[in-house]
Amino acid sequence: MKIFTTREALQKHLQQARAAHKTIGLVPTMGALHQGHVSLIKQAQACNDEIICSIFVNPTQFNDPKDLEKYPRTIEADIQMLEQANCDILFSPDEKEMYDGNEQWHLDIGGLENLLEGKFRPGHYQGVTQIVYKLFSLVKPDTAFFGQKDYQQFLVISKMVELLSLPVKLVMCPIKREPDGLAMSSRNIHLTPDDRQHALTLSKTLDWIEGNFDAGNITGLKRNAELMIGNEPGIELEYFEIADGDTLLPAVEDSKKVVALVAARAGKTRLIDNVILSLKP
């Protein structure tokens, strides 16, 4: 695996890859890699000649400086994991390489910016679109791969691609879970054993919603889910929503795609999870 830390060195390599008519798959990450990330790389390898994984803890998407400070950084273990997954390239720049310190960015992504994650993390998606646009402009990938766990992020990036007419195909890859059902996340490293046990209520509640889904009883299902999570010790619910899968507004009976999304704190650790409930042709 080749490792690049500067945009210039990466671009030189990519020019050679393009000259050889290779297709490029990009997996953007913030590191602290786990098997969920590996699954993105595997899916990327199935349809591209060369795979780039980027690791960059992007400061502009953190609205809480303490959250940025404590975000796990495990670059040596990440490199080992990428090598085992036969990833071709790691791009791991520092902050000065990606930002000149005096940049302005605003993209009007509409209502998506202020719903759910956007409501609880103001400015977050401006930071996400800013860094993903930088990576897309640099790498010019044929395909880019993102996890379903960050469902709203995928919709936001899709909106950016549409607004800016970017020539990249986006692929959303299924959530990878631990054997007990907990959605894999870089933040799980911060969970105490008790936090982790309590956090299982998120996936258990989503499983229950999936098994009992009735498009005619969305209000009742949501109320039950909020009670289930709210009754779990050590869990502070931020939101539980049964939403239209395209707009993230509350789902209605004839929504073509319906997704249940949850965010909660287990102890001091903020977790998100979701499940796609209905997908009509």
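The values are calculated or read from the model by the stated rules, or taken from the named source; none is laboratory data. Small disclaimer: the values here were computed from a predicted structure and weren't measured. Every residue, glycine as well, gets a Cβ built from its backbone with ideal geometry; the counts of neighbours run over all protein chains shown.
Things to note:
- First in segment 261-281 and of a type in the set (D, E, K, R), second anywhere and assigned to a loop (DSSP other than H, G, I, E, B), Cβ under 7 Å, 6 or more apart: Lys280/Lys256
- Residue that is surrounded by the fewest Cβ atoms within 10 Å (Cβ to Cβ) [pool: residues in segment 47-94 that are hydrophobic (A, V, I, L, M, F, W, C), in contact with a Leu (Cβ under 6 Å, 6 or more places away or on another chain) and within 29 Å of Arg121 (Cα to Cα)]: Phe62
- Condition check for Glu253: loosely packed, with under 14 Cβ neighbours inside 10 Å and part of a loop (DSSP other than H, G, I, E, B): yes
- Among the helices (runs of 4 or more DSSP H) confined to segment 148-248, the ones with at least 1 residues that are buried (at least 20 other Cβ atoms within 10 Å of the Cβ) and in the same structural domain as Tyr125 (by TED's automatic domain parsing) are located at 151-164.
- Of the residues making up segment 226-281, those that are modelled with pLDDT under 95 and either of a type in the set (Val, Ile, Thr) or in contact with a strand residue (DSSP E or B) (Cβ under 6 Å, 6 or more places away or on another chain) (or both) are Val252, Ser255, Ser278, Leu279.
- Per the conditions (1) touching a residue at least 12 places away in the same chain (Cβ under 8 Å); (2) under 27 Å from His106 (Cβ atoms); (3) out of contact with any helix residue (DSSP H, G or I) (no Cβ under 7 Å at 6 or more places or on another chain), the sole criterion not satisfied by Leu170 is (3).
- Which listed residue is part of a helix (DSSP H, G or I) and surrounded by 21 or more Cβ atoms within 10 Å (Cβ to Cβ), from Ala9, Ala44: Ala44
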